[in-house]
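Below is one structure, written out as structure tokens; comments come after it.
The values are calculated or read from the model by the stated rules, or taken from the named source; none is laboratory data. Just so we're clear, the structure is a prediction, and the values are computed from it rather than from any experiment. Note that each Cβ is placed from the backbone with ideal geometry, even for glycine, and that neighbours are counted across all protein chains shown. Note: areas computed on protein heavy atoms with side chains; ligands, DNA, RNA excluded. Shrake-Rupley method; radii C 1.70, N 1.55, O 1.52, S 1.80 Å.
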Amino acid sequence: MFDVIIAGCGPTGAMLAAELRLHDVRVLVLEKETEPASFVRIVGLHIRSLELMAMRGLLERILERGRRRPAGAYFAGIDKPAPAGLDSAYAYLLGIPQPVIVHLLEEHAIELGAQVRRGCAVTAVQQDDGGVTVELADGEQLRTRYLVGCDGARSTVRKLLGVGFPGEPSRNDTLMGEVEVGVPPEEIAARMTGIRDTYKRWWLRPFGERIYSVVVPAAGVSDRAQPPTLEEFRQQLRAIAGTDFGVHSPRWLSRFGDATRLAERYRVGRVLLAGDAAHIHPPIGGQGLNLGVQDAFNLGWKLAAQVRGWAPDTLLDTYQAERRPVAEDVLDNTRAQTELLSSKPGPQAVRRLLTELMDLDEVNHYLIEKITAIGVRYDFGAGPELLGRRLPDIDVKQGHLYGLLHRGRGLLLDRTERLTVGGWSDRVDHLADPTAALDVPCVLLRPDGHVAWIGDDQQDLDDHLSRWFGTPN
């Protein structure tokens, strides 16, 4: 019997498996595909995801395989640089091929002891008071204490649970791919002049020697399970630019829509949902993969606490309470961005106005914090502005704060040098450091780096340790 079975070995599933293994949870990841995806779509890791990778000691490994790009031009592609003073040591975008990030996260989970089985499709789920029975396509039955569906937008687990997935169906399809071109770069640049002023869902960008990334509106809404053809790309390029630029030899081609949906519930008993199984939205702003990975960081330590037997009664319920509102906000900002990409006069007028407003640092700062998730604040009740927010990677006497969070435990950062974590020391580390770059006496950090308590009183600290980390030993 496993402690947790995860359906789906994408970025969310692999990250969740690793987080659980930090706490010795017996994890099995089931992936229906027999081989990793072959197409090399480039995805972007935003600031908050880079911070999380740094918290687990993964960032250097990932940086070796990606390309840093300046932060900015995230919101609806409006070309504004990032404002000065972003409160992060990782204020950039990391472009990385999706198969590479999936491989690195899966490799990390396996190194920590997770099992991964490919070619295993979940077909039935039945839960009872003692656990969950998972049936596979070949008839094999597995038993687990908890099941997490990280199996994408068409999630089998979500459908088997009967969880509603309300929202809007796709209204517009977009084609995306990487192709070789048959004309000189100068001709492409000349043709593009003026087109992007009207067609915001269109570009041809160099990606290597005669290799271009191409994005064009599709002719209509299609079955996204079927990959588009090169001829579809040619037709749409000719319709907009008057030429197909001699595109040929595609590396990969795909289509995506702008469907926007949010699961009604993230948990039904012993079964939970994360990543695209819980929410889908247009890829504008590049938030999808990041949102799923951040789901995994929020859920991992809480589910591990439940398995290990020290979780407070309501801890697992805080996963939905905290992460579903974040997803709602992402869905809303992608709806807004989608409207701003329209070529109609009204949306274009709003786009021009917003472009002017983003010259104000306050507006630009607000929008970039929203897209990169460094502005997320969980509702932990009344308290200072820092309460519920993530703490940046500040300087401490051992070097940097995030280096102390590699084990996925809580952390008391104590500038008074007189507090203690007492009977919670098996779950929470303690650093007495009067030189820490903080303007408050002490903070208690959860394993996901969010501030759970601020103060200097031992009894008040003990109350909050109990709230988040259960009964002391």
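Could you work out the relative contact order of the chain? I mean the mean sequence separation of Cα pairs under 8 Å and 6+ apart, divided by the number of residues, in percent.
Working: 914 pairs, mean separation 82.2, N = 473.
For the chain, the relative contact order is 17 percent.
Accessible surface comparison of Ser342, Ser155, probe 1.4 Å, protein chains only, largest first: the order is Ser342, Ser155.
Nonpolar atom fraction for the range 237-353, defined as the carbon and sulfur part of the 1.4 Å probe accessible area, stands at 50 percent.
What the chain shows is 42 Å² of accessible area per residue, with the surface traced by a 1.4 Å probe over protein heavy atoms. Test of the criteria: in the range 43-93, which trypsin sites (Lys or Arg not before Pro) are in a DSSP loop and have at most 13 other Cβ atoms within 10 angstrom of their Cβ? Those that pass, being in a loop and sparsely packed, are Arg65.
For the range 152-223, which GluC sites (Glu not before Pro) are both in a DSSP coil and crowded by at most 14 other Cβ atoms within 10 Å? Don't jump to the answer; show the numbers that get you there.
Working: sites: Glu178, Glu180, Glu186, Glu187, Glu209; in loops: Glu209.
Of the GluC sites (Glu not before Pro), the ones in loops of the range 152-223 whose Cβ has at most 14 other Cβ atoms within 10 Å are Glu209.
For the range 1-115, the fraction of 1.4 Å probe accessible surface lying on carbon and sulfur atoms is 48 percent. The structure-derived value of mean projected area of the Cα convex hull in nm² appears in the list (1) 23.0; (2) 32.1; (3) 21.9 under the label (1).
Please name whichever of Gly423, Gln348, Tyr212 sits farthest to the positive end of the charge dipole of the chain, dipole taken about the Cα centre and charges placed at Cβ: Lys and Arg +1, Asp and Glu -1. Highest projection toward the positive end goes to Tyr212.
About its Cα centre, the range 273-373 has a charge dipole of approximately 300 debye under the convention of +1 per Lys or Arg Cβ and -1 per Asp or Glu Cβ, with nothing else charged.
Would you compute the Debye intensity of the range 1-140 from its alpha-carbon atoms alone, equal scatterers and no solvent, and pass along log10 I(q)/I(0) at q = 0.19, 0.22 Å⁻¹ to two decimals? Summing over Cα pairs of the range 1-140 leads to -1.10, -1.31. Ellipsoid semi-axes for the range 24-69, based on the Cα gyration tensor and the rule √(5λ), read 23, 19, 9 Å when sorted largest first. For the Cα atoms of the chain, what angle does the longest principal axis make with the long axis of helix 98-111, in degrees from 0 to 90, nearest 10? Orientation of helix 98-111: about 20 degrees from the principal axis.
Pull out a ≥ b ≥ c, the square roots of the eigenvalues of the alpha-carbon gyration tensor of the range 194-258, then state rounded if a/c is under 1.5, prolate if not and a/b is larger than b/c, and oblate in the remaining case. Taking the square roots of the gyration eigenvalues as a ≥ b ≥ c, the range 194-258 is oblate.
From the Cα gyration tensor of the range 1-54, with a ≥ b ≥ c the square roots of its eigenvalues, which class applies: rounded if a/c is under 1.5, or else prolate if a/b is larger than b/c, or else oblate?
Numbers: a/c = 3.75, a/b = 1.20, b/c = 3.11.
Oblate, because a/c is 1.5 or more while a/b does not exceed b/c.
Between their Cα atoms, which of Lys159/Lys302; Lys80/Lys344; Lys200/Lys302; Lys344/Lys370 are more than 30 Å away from each other? With Cα atoms farther than 30 Å apart: Lys200/Lys302. With Cα atoms defining each centre, the range 398-473 and the range 206-242 are spaced 52 Å apart in the structure.
For the range 1-55, the list of GluC sites (Glu not before Pro) that fall in a loop by DSSP and count at most 11 other C-beta atoms within 10 angstrom is empty. Rounded to the nearest 20 debye, the dipole size of the range 9-158 about its Cα centre is 480 debye, using +1 on the Cβ of Lys and Arg and -1 on the Cβ of Asp and Glu.
Against the main long axis of the alpha-carbon atoms of the chain, helix 11-21 sits at an angle near 20°. Label the range 349-439 by shape, choosing from rounded, prolate and oblate, from the square roots a ≥ b ≥ c of the eigenvalues of the Cα gyration tensor; if a/c is under 1.5 it is rounded, and otherwise prolate applies when a/b is larger than b/c, oblate when it is not. Taking the square roots of the gyration eigenvalues as a ≥ b ≥ c, the range 349-439 is prolate.
Computed about its Cα centre, the charge dipole of the range 122-247 is approximately 420 debye, with only Lys, Arg, Asp and Glu carrying charge at their Cβ. When the Cα positions of Pro325, Gly269, Gly44 are compared along the charge dipole of the chain, Gly44 comes out farthest toward the positive end, with charges on each C-beta of Lys, Arg, Asp and Glu.
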